[in-house]
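The next block holds one structure in the form of structure tokens; read it before the comments.
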Amino acid sequence: MSTLWKFLLFGVLISFATAGEIKNVLLLLADDAGFEMGAYLNKYCQTPNLDKLARKGLLFNNAFTSVSSCSPSRAQILTGKASHASGMYGLHQAEHNFNVLPGTPSLPNILREKSKAGILSGIIGKKHVGASGDFKFDFEQTEEQNSINQIGRNITRMKLYAREFLENAKKQEKPFFLMVAFHDPHRCGHITPQYGEFCERWGSGEEGMGSIPDWKPIYYDWRNLQVPAYLPDTDVVRQELAAQYMTMSRLDQGVGVMLKELEDKGFADETLVIFTSDNGPPFPLGRTNLYEHGIRSPFILSSPNPNDRRLETTAAMTSLQDIFPTILDVFKIPTDNSSDTSFGYTKSLLPLLKAEPPTNENDSVFGSQNYHEITMDYPMRMIRTRRYKLIHNLNYWSYFPIDQDFYTSPTFQQILNATMHHQQLPWYKNLLSYYQRPEWELYDIKADSLERYNLAEKPKYKEILKDLKQRLLKWQIDTKDPWRCAPHAVLQAQGVFKKNPVCLSLGHEALAKRVTHYEKYILL
């Protein structure tokens, strides 16, 4: 990179651009991807471009989304807030009418306002958040202007839009934040089944499928694939995995195309690259769940600075909400947390590029799931430490709801049919236990990575349960969670309770059994 200098009248101010200085941010976001990558030791799915990015950067082993649903997850990235705090409670579909609360600050708006339009923002691919004014990028090519497959899966078309954006940034001599949000490997079988369950045949060059010039499809023999331990070990699942892996190859080659555009335009040596996924795969125990395969996220942070960490892994407990302060940190814009304690739970990830922080068993991330589709009323809250996870199911007396595209999937249909016909299924779960969940779920993740054994009622874990409950409630209070009194009390925070909000009991305990001691309310 050439040395830059500026001269001022009546004096000279010289500012040097050091090699590898981070000036820009490229965020690469997958849609419903898990750990189907060689970098995460998947020996079947071929992802050479993501693996190369991981070698050039820092690979995260403890990154988590705070919400396992598309629109709320994208909102958490762009606002730094949990879904109950931003107001993006569920999917941003027209019929659902989910939007962030009016006036919610977002990255593109903050960057434009704080820099006085000196930073260029852009989004290419799937946006799926609203309202539009609350997420106003300077450059937008999303499903709002294009069909979702053309803008989210056609990596050649996405490349051309990225080229246009980067040329604008170079011409205007502005630093930039570009978000490239792929639609792969999201399911599409319930809408366009002719393209395959994951749209794996769309643009493949097969007869009637069209072609994407920058994509060289990789076909997988389902008979040779190994089924992950959390899924039913069946041929149907293997066939679905083969389709998903083929779609992942399109995502991976799309990542390669974007990184090449960055290099060709001369930005590779000054751009921080972030890769992650909005939530886990659309399989049982995955997306819409706060179980591990719903919230654990692939995450790569690649810095152009040769002195920053690369070809390393980090065990730091990380939330996708941390992307928000990280990007603000790149552009030297402080997070205004003077009146919002929720930002105290997020942090910039840039220090991790310098050194691994000391570990603490109490390091934690939090989760807040409310809806996915508007009919899926199943709010959940979670705290996940390095060892334990506590899930609070606020609507535990109801069956866990199933979303539309997962319902029509071959995997779920096989589970459903086997259950209805009383057939054996090689799965450690069953449909009834998947539907019926207790109010509290406590798991020792180190000893039980599949979350098979709920420890919430075990006397041995009484103190651990109490501590995690208290920490979870404090987070809910600090983030002004409207559900913080649920499900056994109602929040009163207006009128005489405005200065001292309280949870007033609904008497659920008395309905279940005779009580001898009654707490009138819990002071928050």
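The values are calculated or read from the model by the stated rules, or taken from the named source; none is laboratory data. This is a predicted model, so every value here is computed, not measured. Neighbour counts are summed over all protein chains in view; Cβ atoms, including those assigned to glycine, are modelled from backbone coordinates with ideal geometry. We work out accessible area using only protein heavy atoms, side chains counted, and drop any ligands, DNA or RNA first. Shrake-Rupley method; radii C 1.70, N 1.55, O 1.52, S 1.80 Å.
Couple of notes before you dig in:
- Verdict on Glu312 being within 21 Å of Asp269 (Cα to Cα), over 20 Å from the mean Cα position of the chain (by Cα) and open to solvent by 30 Å² or more (accessible area, probe 1.4 Å): yes
- Any hit, segment 352-368, residues being open to solvent by 10 Å² or more (accessible area, probe 1.4 Å), outside any loop (DSSP other than H, G, I, E, B), out of contact with any helix residue (DSSP H, G or I) (no Cβ under 9 Å at 6 or more places or on another chain) and within 29 Å of Lys446 (Cβ to Cβ): yes
- Of all the residues in segment 338-351, those that are of a type outside the set (A, V, I, L, M), open to solvent by less than 90 Å² (accessible area, probe 1.4 Å) and either part of a loop (DSSP other than H, G, I, E, B) or touching a Cys at 6+ places or on another chain (Cβ under 7 Å) (or both) number 4.
- Residue ID - least open to solvent (accessible area, probe 1.4 Å), chosen from residues in segment 37-57 that are under 21 Å from Gln244 (Cβ atoms) and of a type in the set (Gly, Ala, Ser): Ala54
- Number of positions in segment 58-95 that are on the phi < 0 side of the Ramachandran plot, assigned to a loop (DSSP other than H, G, I, E, B) and open to solvent by less than 20 Å² (accessible area, probe 1.4 Å): 9
- Positions within segment 220-229 being in a loop (DSSP other than H, G, I, E, B), surrounded by 11 or more Cβ atoms within 10 Å (Cβ to Cβ) and of a type outside the set (S, T, N, Q), in sequence order: Tyr220, Leu225, Val227, Pro228
- Scanning segment 369-404 for residues that are of a type in the set (D, E, K, R), open to solvent by less than 10 Å² (accessible area, probe 1.4 Å) and farther than 26 Å from Asp444 by Cβ yields one hit, Asp403.
- In this structure, Gly133 does satisfy being touching a helix residue (DSSP H, G or I) at 6+ places or on another chain (Cβ under 9 Å), open to solvent by 30 Å² or more (accessible area, probe 1.4 Å), of a type outside the set (D, E, K, R) and in a helix (DSSP H, G or I).
- Trp440 being under 17 Å from Arg381 (Cα atoms) and either open to solvent by 30 Å² or more (accessible area, probe 1.4 Å) or more than 32 Å from the chain's Cα centre (by Cα) (or both): yes
- Count of segment 475-490 residues which are open to solvent by less than 60 Å² (accessible area, probe 1.4 Å) and out of contact with any Leu (no Cβ under 8 Å at 6 or more places or on another chain): 5
- Boolean, Val257 is in contact with a Lys or Arg (Cβ under 6 Å, 6 or more places away or on another chain) and in contact (Cβ under 8 Å) with a residue 12 or more places away in the chain: yes
- Given (1) farther than 21 Å from Asn61 by Cβ; (2) open to solvent by 40 Å² or more (accessible area, probe 1.4 Å); (3) in contact with a helix residue (DSSP H, G or I) (Cβ under 8 Å, 6 or more places away or on another chain); (4) not hydroxyl-bearing (Ser, Thr, Tyr), number of the condition Lys332 does not satisfy: (3)
- Gly280 vs. criteria of a type in the set (Gly, Ala, Ser) and under 18 Å from Pro232 (Cα atoms): yes
- Residue within segment 455-474 that is of a type outside the set (Lys, Arg), open to solvent by less than 100 Å² (accessible area, probe 1.4 Å), modelled with pLDDT of 95 or more and part of a loop (DSSP other than H, G, I, E, B) present: yes
- So Gln253, is it at pLDDT 95 or above, over 28 Å from Pro72 (Cβ atoms) and surrounded by 19 or more Cβ atoms within 10 Å (Cβ to Cβ): yes
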